[in-house]
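Working notes, beginning with the structure itself.
Each value in this text was obtained by applying a stated rule to the coordinates, not by laboratory testing. On a predicted model such as this, the values are computed, not experimentally measured, just so you know. Because the Cβ atoms are built from the backbone with ideal geometry, glycine has one as well, and the counts that use them run over all protein chains shown.
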Amino acid sequence: MDYKTLFVLQKGVCAICKEPPGIRKGFAVDHDHLTGEIRGLLCHRCNLALGLSLDSPEILRAMIDYVTFGGRSIPGEEFSDERKQKNPHKKSLKTSLSKKTSLSKRMFLFLSENGPSCPKDIARGIGAKHKYVTHEAKRATKKFVLEGEKVCLV
């Protein structure tokens, strides 16, 4: 299905939150990362939330429970061993993102997945030069902060 057809079928709103896209960003074409099948059009926030949840229904359910129960843990509800393991179908950031993807975005995705890391590990993980990672961490102060030897997300 093409963008225009999806847009008409969804009546110009996000498939998840049912809101129109933001002024500066249009819709993202959402797809299943395993099959490549297009699922619908998502606004920037919903697309980001779905991506950060690794498209995992289990993580999304846990997020719903977390919000529903005021952040308190639910007795007996724990993450499965399956979710603790790396997704075998997921490519590394180094191979899944092209060089056209901004350095800042690659760094953000790496840090979202791996937590605070030293610039050399980030550079190795995203296929960039160490000096560019350090420079970007110092430049993009709204996204990154240098804490000692580690780069962290703000």
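Summarising the amide proton neighbourhood of L41: residues at separation of 5 or more, or on other chains, whose placed amide H is nearer than 5 Å comprise A15, D30. When the C-alpha to C-alpha distance is required to be over 31 Å, the pairs from K18/K142; K18/K129; K11/K143 that qualify are K18/K129; K11/K143. If you plug the beta carbon distance of L60 and S104 into 1/(1 + (r/R0)^6) with R0 = 30 Å, you get a FRET efficiency near 0.70.
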